[in-house]
1. In whole angstrom, how far apart do the alpha carbon centroids of the stretch 3-44 and the stretch 186-246 sit?
2. Starting from the Cα of residue 10, step 7 Å along the direction of its Cβ; do the same at residue 209; then give the gap between the two resulting points in nm.
3. Between residue 196 and residue 268, what is 0.36 nm times their sequence separation minus the Cα-Cα distance? Round to one decimal in nm.
4. Working only with C-alpha atoms, what are the Rg and Dmax values of the stretch 187-229, expressed in angstrom?
5. Between residue 46 and residue 88, what FRET efficiency follows from the Cβ-Cβ distance if R0 is 35 Å, with the result rounded to 0.05?
6. For a quick check: with amide H placed at 1.01 Å from N, whose amide H comes under 5 Å from residue 206's, ignoring anything fewer than 5 positions away on the same chain?
Amino acid sequence: MHGIKRFIPATFVVLWATGFIGARYAMPWVEPFTFLAARFVLAAILLALLMLVLGSKRATREEALHAAGAGVLMHGVYLGAVFWAIHRGMPAGFSALIVGLQPLITAVLAGKLLGEAILPRHWLGLGIGLIGIVTVLWPKLGALGGGVTTATLAASLISVLGMSAGTIWQKRFASGGDLVAATMWQYVGGAALMMLAALAFETHAVVINGELIFATAWLVLVLSLGAIFLLMVMIRDGEMSKVASLFYLVPAVTAVIAWALFNEQLNALQIVGMAITTFGVGLATARPGRGIEELRN
């Protein structure tokens, strides 16, 4: 089992990156809050069925409330704000650049609220990772268009704060119970917020076609179940600054997938940026050797 866990971070990054590809397929055919509400409801139902099959331990009222609160932040606020900004014209690359601040914000919150020791090499790795993200996304930022407004910028920043606060909440209050039950209640919380937002702000118009069905199935099964389970395991077992740094790799992996599927440009500068990002994440997440431990002590 320990050997398998070594592959969890890389698997998570690849799966999480495909979420942006799934969103690209879905967004022309449905409004963002309506789509996310349906996605979260489907995920919660599947997880409830999985609990019955596995005989999972039910969450206590306190565990359910904490998990739902984390879900409101991690799923509802984070994805809702990102999807809304992109739906309103925010370029995906610029949105990803703002979301790239999330590891740094999470590291600061982890140090303040969880008492985690953030060493100089962690800060250096996070800083290098951010430089790599800017390098990867720089070619995509040339034509920002009219989608960059005060509202879409505010939504992107809210999404960053939502994900950072949600992962901290999950680590501090909701990591002790059954993973399946906790994840189900997370989606209950996220779905409740998205339903309210859809009722308040959207027309609920949906065009059902092959692309929307594929995107929904992929995002529910691969992202909402597979990737989120891996994230929950990493949050439970690891330090938040290290877990958060993995999000730096997502835009680079997304760029590679978009290049393969949609023939999007991938130039030498972006490849250099990917290498820089990978180095930064490695520095932030690597286990220190004995010599480093001795120096730290």
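1. Centre-to-centre (Cα) distance: 6 Å.
2. 3.7 nm
3. On the way: separation 72, 0.36 × 72 = 25.92 nm, distance 4.44 nm.
The residue 196-residue 268 span can extend by a further 21.5 nm.
4. 12.4, 32
5. Efficiency computed from Cβ-Cβ geometry: 0.70.
6. Excluding prolines and chain starts, which carry no amide H, there are no hits.
Read-outs throughout are calculated quantities, based only on the coordinates presented, and are distinct from any laboratory measurement. This one's a predicted model, so the numbers in the text were calculated from it and none came from an experiment. Ideal geometry is used to build each Cβ from the backbone, glycine not excepted, and the neighbour counts take in all protein chains shown.
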